[in-house]
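Student: Got a structure here, written out as C-alpha cells. Questions coming.
The values are calculated or read from the model by the stated rules, or taken from the named source; none is laboratory data. Here the structure is a predicted model, which is why all the values come from computation and not from measurement. Every residue, glycine among them, receives a Cβ derived from its backbone with ideal geometry; neighbour counts consider all protein chains shown. For the accessible areas, the whole protein counts, side chains as well, though only heavy atoms, and no ligand, DNA or RNA atoms are used. Shrake-Rupley method; radii C 1.70, N 1.55, O 1.52, S 1.80 Å.
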Amino acid sequence: MEGQNTASIKAKEIEEASKAEKRLLLRNLNAQPVEDNLKALDSSLKRHTTLFKKMKLSIGADNRDQILKDLDTLSLEKYIDELAGATVEGAARCKTEKDIWSAVEIISTVHRRFPTTYTPSVINLLAAQLAAPSRAAAAQIPLDLKEKEDAARVSRQRPILRLCSELALVGIIKDGSNRSGGEWIMKTLKDLLSNDPSLSSLPLLTSFLKSYSKPFLGISPFAAPLTATAHEDESNKRDWPTLENGAAEDQELVEKEIRDRFKRMCEGYFESVSKKLVIEHNRLQEQDRRNHEAYIRSGEIFEDRQQAYEKMTKNYEKILTSCQSLSELIRLPMPHLPTASQNQASIGLSTGDGGRGDVLDEINTSTGSGKWEDEEERKFYEDLMDLADFVPKTVLGLEEDAPHDKEQEEQDLKAKEEEVMSNLEKEIAGLGIGGIANGNGDTGLAAAAEEDQDGEDDVPTPVPSRPSSPSHSPTVVPSGPSQLLTALLIRLPDATNRSLIDQAALDFAFLNSKAARKRLVKFLFQAPKNRIDILPYYARMVATLNKYMPDVGRDLVSMLEEEARYLNKKRSVRELTENRLRNISYFCALTKFKVVPSHVILHLFKLCLDDFKNSNVESMALLLEGCGRFLLRSDDTRERMTKMLELMRRKQSLQHFDQRQMLLLENAYYQCNPPDRAPRMEKHRSNTELFILHVIYDVLSKKTIDKVLRLIRKLHWDDPEVVQILHKVFIKPWKLKYSSIGLLAMLTYDLQRYHPSFSVGVVDRVIEDIRRELEYNNYSRNQRRVASMKFLGELYIYRLISSTVIFDTLWMLVTFGHPDGRPLPNQITPLDMPDDFFRVRLTCVLLDTCAMCFDRGSQKKKLDSFLTFFQLYVLCKEPTPMDVEFMLTDSLEALRPKTVFYKTFEEAAAAVDEMISSALGTVEDPEGDGGDSDEESAVGQGVQEADDDEDGVISEPQNELDRPASPSDDVVVLSTAENLGPSEEADAEFAKELAKMVIDNSGESRRVDRKTAQALWDSAVIPAGLKKKRTDEDGPDDQQSADKSVMNFTVLSKRGNKQLTHQLFVPTSSALAAETRSAQLQDKVEQQHLKRLVLDYEQREEEAAAMASRVANWPKLRPGS
C-alpha cells in the first residue's frame, strides 16, 4: 500500500512538472509581441460579431481551435472592448482544467497582438469579477438569503480565480516589469478573505491551494499533512537553504519573496480559522451540555432549542471540513479541540468524619441539581457582556503591561484569600466544638466575637443617605461627563431587565474615570431599602464593570462589609430589619456573580452562627435562600459550605426555636439543598396503546375526526386487549381537552354502527362513574366529574342515550344523599354539605350541554318542573358565592329567559307545592284530554317518553340505555282490564285523526294548481256515488262467494260529462294482480302501524296514573318542614 501511494505521488509530481514547463514556455512566448499585417486580415463586422458570440458562449476546449483560427484571420483592432467583455464572459463558463488552459491560450494569443490595449481591459474586468462583496450591502440581506448569495458568488468566482492564477504564471498579469503576478493574486485573495467574517470565501482559498500551492507557496499539495512535532522539525530545516533549492530557483514562476509572503498570509489566515473553529467547538459543547440539562430537567428538548443546535452543528461541521482541508494543503497541524469535561452537577460531600454522616446523607446527589434553578437564572448570572468588544481599550484604561500586572494582582489576591480561608476553617472548627459543648447556642468564639464588637465601636456608624437628586431644570443640557453621569444614574432604578442594565454598564464605560467610579459605587450602595428587586440588576452591572474596573466591586463590597458589621453589632434593633434584608440580598446577588470573595460570604455565615438566635436566625435563612445553593454546588466552596450546614443543623437540634423560626430554617435548608426525589417510574405501554393514545389525545380534532374513525376501525377489534385499551380511553374524557369531549362523543356514536356493544359499555361506565363520584364526593376528582358530566350531555346530543337518563341524572344531582331525597335548609348531609356548591356546577354543566333540546312537548314541562325544584335546592344551601351565582344565572337565562328567580326558600317551596298539586290534579282527571302529551305531568322522574322524536331522540326498542326511573317507588296499577283491541268509537277516532294528519302534512300538495289537482282527482278517484252503489250491489255474501282465482278491477270510462264504471276480472296469477295485492298488503301494514301509534293513549294514561300515585306520597313542603 505504501508503494502504491509513493507511485501515485510520483506520477502527480511529474504531471505538475509538465504543467510548469508548459507555463514557462507560454510565458516566454508572451514576452515576444507579434506584429500583424492588418491589410491581410478580415475586418468585416459580421465575422467579428460571430466570433464574439462564440466567445461569450465559452472559450473552453470545445471552441478553442475555431476561436484561435478566427483570431488569426480577423483584424480585431476596432473591437478591443467588445473582445475583452466577450473573453471574460466566456471565461466564467470554463469549469474544467482543460477549459481553463484553453482560455489562457486564447487570451495569450490576443495579448501578444494587443498588449497595451486588450490586456489592461481584460485584467480590469477580471478584477471586478473577483471584488469582495460590500459589507453594508451584505448587512441588509437576510441570513437565509445571504447563505445562498455567498454560495452563488463562490461558484461564480472560482473559475475566474483559476484563470487569473494561470495568467499571473504565464506573464499576462504582472506586478511590474520582469515580475510575475503573484502579488496581484495575493492581494485579491486577501481582500476576499479579510472582508468575510462568515468564512464564506474559504472554499475559494481551498480550491486555489489545491491547484496552485506549489507555484505560489512552494508547498507540494501531494505530501501528507504534518503533525505538530513534524511541523517544528520542518520549520527548523527551512532555516538552512540547500544548493539544490538554489539551483531550482531559476525554474520558479513566482519570486521567492512573494511565495514567502503568500505562505505567511495563508498561515495567518489558518490561525484565524483555527481560533474560530475552537470557539465554535466550545459553543457547540456548551449548547450540548445545556440541552442535556434541559432534557433532564423537563424531560424534553424544545423545538427552538433543537433547531438552534442543529444550525450550530451544521456551521461547525462546515468550518471543521474547511479547516481540515486547509491544514492538509499548507501542511499545518489541526488545532487542539478540547473535549467537554464531565460536569460534576452531583454533590459528593465526603469529609471522612463519621459523626457527620446524617447530614452528608441528606445532601442531594442527583444529577439534575445544579447551581442554578433554571436556564434563565444561569444566563442572568453567567452570560455577561464583555466591554472590550464595544469599548476601545484606551477608554477602559488597558495598556500593554496590564495583563502582567493583572496576573500578579490575581496571584496576590488568591494567596491572601487562601490565608483568610485557612483562618476561617480553624474558627469554624472551634465554633463547632464550642457549640456542641455549651448546647445553648453560645460558642467558644463568643468572647472573641465580643472583643471584635468592642473594637468595632470606634468604627464610625455608616448612615445610609439618599442620593442627591440632580437638577431637572429644562435649561440645563447634559453635555459634559458629569451631566451625562447624572442622567445615567437617574435611569438606573428603571433598568429592570438585562438589556437595560447592560446598556447602562456600556454607557458608563465611556464615562470611565476615578471620580465617576466612586460616584457610581456610592449610588449603588445607597439603593432604596424598599427596592430589593433592583439589587440583582445593580450586581450585574457591577460584575460587568468589575472585569476592567476592579475597584468598583472592591469598594462596594468593602462598604457592604462595613454595614454588615454595624448591623451585626445592632442585631437586637428591630428597626434595622429592612437594612439587614437589603444588605444580605446585595451580598447574595454579588456572590452569585463572583464579585464577593468566598471568604467574605462565609464569614457572614460564621457571624450568624456565633449568636444563633433572634435576628441572626432570619439572617441565616436569608443567606441560605439567596446564595446557599450556589455555594453548596460550587467546587471551591462546597466543602466549607457543607461544614456550615452541618453546624447549623446541630445547633438547630440543640436550641429551642419557636415555630416561625423553625419554619424559616427548614424552608431555607431545603431550598438550599433539596431532598432526594425518587425517579418517576415510566409506565410501560405497548405500541398499540401508544398509537391509540396518540390518535385520540393528539390527532383528534374537527378536521381529522373522519381520519381518526378510519384508523380506529382498522384496529384488531377481535383482540380483547385492544378493545380494553379503547374502552379505557373512551371512559376517561378528562384526559382530553375540554373542547374535544364532544368529538369523543361523536366518535362513540360513529362506532355504534359497527360495534354497538362497545358504545353501550362506554355509556354504562360513564353513568356508573357519575353515580360513584356522588357517593365518594372527593374534591380532588372534581375536574373528572365535570368532564364526565359534559361527556354525558354530549352522548345525549349524539342520540346514544334517551332523555330519561338525562332527567334521572339531573334529579339524582339534587336529591342524592339527602334523607328521603328531600333537600332542606341547613341540613347537614355528609355527601352534600350546605357550603358545597359543586353539584350546582355539575347541574349547570349538564344543562348547558344538552338542555336546549328540551324546548317543546313533555320534555319542556319536565325541564320547567326540574328548574323550579333546582332553585329550591340552591336556596337550601348557604348564600351562593359570586362565581356560582353568575354561572347559575347564565345557565337559567339561556334556557328560560323569562324565568322568575325565587329570592327565598318559602317562595320556592310554594312553587314546588303548586307544581305537585297540578300534577296530582292531572292524574285524578283521566276523562279529560289525557291523550294529549302536552298535558302530561312534568314532575315525574323516569316517565317513558312517547314523543322522543320531538327532541331529536330516535325511538329505539327497550334496551339497557332506556332504564326504568325511580325504582324505589312502588308502581300502582290503576286498571287491570285486558286490552281486547280497538272499539268502533276508536276506529272512528282513528279515521278522524288520520284524516287530520293527512291534511296537516299535505303542505306541498296545496301548492299544486287547482285545475291540475281537479284533473288528477277526476282521472284517478272513483266518484262517491258510483262507489256506494257498487258496494250496495256487491253485498258481503257476494264478495265472499266470489271466485278467488280472479281479482276484480273497476275500470272508469267517460261519456260526455258522465262517468261510467265497468268490472274487469283479472286472474290472480297475472303480474298486475300480484303487484296490486302486494301494494295492498303494504298499505295495510302501514295503516296498522299508524293506528298503533295513535291508539297508544291508554297506555300513557296508565303510566301517568302510576306516576301520580308516587307523587301523592310526596308530602307538601311547607316553611319550616
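Student: Identify the residue in segment 1058-1111 that is open to solvent by 60 Å² or more (accessible area, probe 1.4 Å) and of a type in the set (Val, Ile, Thr) and, among all such residues, is modelled with the highest pLDDT.
Tutor: Val1085
Student: Please name all residue pairs, on different chains or six or more residues apart, with Cβ atoms under 8 Å, provided the first residue is in segment 112-128 and is touching a residue at least 12 places away in the same chain (Cβ under 8 Å) and the second residue is surrounded by fewer than 20 Cβ atoms within 10 Å (Cβ to Cβ) and assigned to a loop (DSSP other than H, G, I, E, B).
Tutor: Final answer for the pair search is Arg112/Gln32; Arg112/Pro33; Arg112/Val34; Arg113/Pro33; Arg113/Val34; Arg113/Asp36; Pro115/Pro33.
Student: Would you mind finding the one in Lys898, Lys877, Lys903 that is touching a helix residue (DSSP H, G or I) at 6+ places or on another chain (Cβ under 9 Å), open to solvent by 80 Å² or more (accessible area, probe 1.4 Å) and basic (Lys, Arg)? Give the derivation first.
Tutor: Details: Lys898 fails: touching a helix residue (DSSP H, G or I) at 6+ places or on another chain (Cβ under 9 Å); Lys877 fails: open to solvent by 80 Å² or more (accessible area, probe 1.4 Å).
Checking each option against the conditions leaves just Lys903.
Student: Here's another thing I want to ask about it. Which condition from (1) under 26 Å from Pro756 (Cβ atoms); (2) free of Cβ contacts under 8 Å to residues at least 12 places away in the same chain; (3) small (Gly, Ala, Ser) is the one that Gly821 breaks?
Tutor: So the condition that Gly821 fails would be (1).
Student: Moving on to the next point. Go through Pro830, Pro823 for me and flag whichever is open to solvent by 30 Å² or more (accessible area, probe 1.4 Å) and not in a helix (DSSP H, G or I).
Tutor: Numbers: Pro823 fails: open to solvent by 30 Å² or more (accessible area, probe 1.4 Å).
Every option except Pro830 fails the conditions.
Student: Hey, another quick one. Give segment 864-889 a look and list any residue that's under 27 Å from Ser740 (Cβ atoms) and either touching a residue at least 24 places away in the same chain (Cβ under 8 Å) or in contact with a Pro (Cβ under 6 Å, 6 or more places away or on another chain) (or both), or say none. Steps first, answer last, please.
Tutor: Keep residues of segment 864-889 that are under 27 Å from Ser740 (Cβ atoms), which gives 883-884, 886-888.
Correct list: Val884, Met887, Leu888.
Student: A further question on this structure: Specify which of the listed residues (Phe691, Phe587) is aromatic (Phe, Trp, Tyr) and in contact (Cβ under 8 Å) with a residue 40 or more places away in the chain. Give the derivation first.
Tutor: Working: Phe691 fails: in contact (Cβ under 8 Å) with a residue 40 or more places away in the chain.
Going through Phe691, Phe587 in turn, just one is aromatic (Phe, Trp, Tyr) and in contact (Cβ under 8 Å) with a residue 40 or more places away in the chain: Phe587.
Student: Next question, about the same structure. What is the one condition in (1) open to solvent by less than 10 Å² (accessible area, probe 1.4 Å); (2) of a type in the set (A, V, I, L, M); (3) over 17 Å from Leu888 (Cβ atoms) that Leu813 does not satisfy?
Tutor: (3)
Student: Okay, next question. If Gln655 satisfies every condition in (1) farther than 30 Å from Tyr566 by Cβ; (2) in contact (Cβ under 8 Å) with a residue 24 or more places away in the chain but one, which is the exception?
Tutor: Here Gln655 clears every test but (1).
Student: Let me ask something else about it. Can you name the residue in segment 124-150 that is among the acidic types (Asp, Glu) and modelled with pLDDT of 75 or more and is also nearest to Leu204 (Cα to Cα) among such residues? First the steps, then the outcome.
Tutor: Pass one, segment 124-150, residues among the acidic types (Asp, Glu): 144, 147, 149-150.
From what's left, modelled with pLDDT of 75 or more: 147, 149-150.
Values: Glu147: 15, Glu149: 15, Asp150: 11 Å.
It comes out as Asp150.
Student: To continue, here is another question. Could you give me the residue pairs with C-beta distances under 9 Å whose first residue belongs to segment 316-336 and is in the same structural domain as Leu277 (by the TED database), whose second residue is of a type in the set (Lys, Arg) wherever it lies, and which are 6+ apart or on separate chains?
Tutor: Tyr316/Arg283; Ile319/Lys276; Cys323/Lys276; Ser325/Lys210; Leu329/Lys210; Ile330/Lys263; Pro335/Lys275
Yes/no per residue for (1) within 27 Å of the chain's Cα centre (by Cα); (2) open to solvent by less than 100 Å² (accessible area, probe 1.4 Å); (3) farther than 30 Å from Gln655 by Cα:
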{"residue": "Ala668", "(1), (2), (3)": "no, yes, no"}
{"residue": "Asn673", "(1), (2), (3)": "no, yes, no"}
{"residue": "Ile696", "(1), (2), (3)": "yes, yes, yes"}
{"residue": "Thr704", "(1), (2), (3)": "yes, yes, yes"}
{"residue": "Asp718", "(1), (2), (3)": "no, no, yes"}
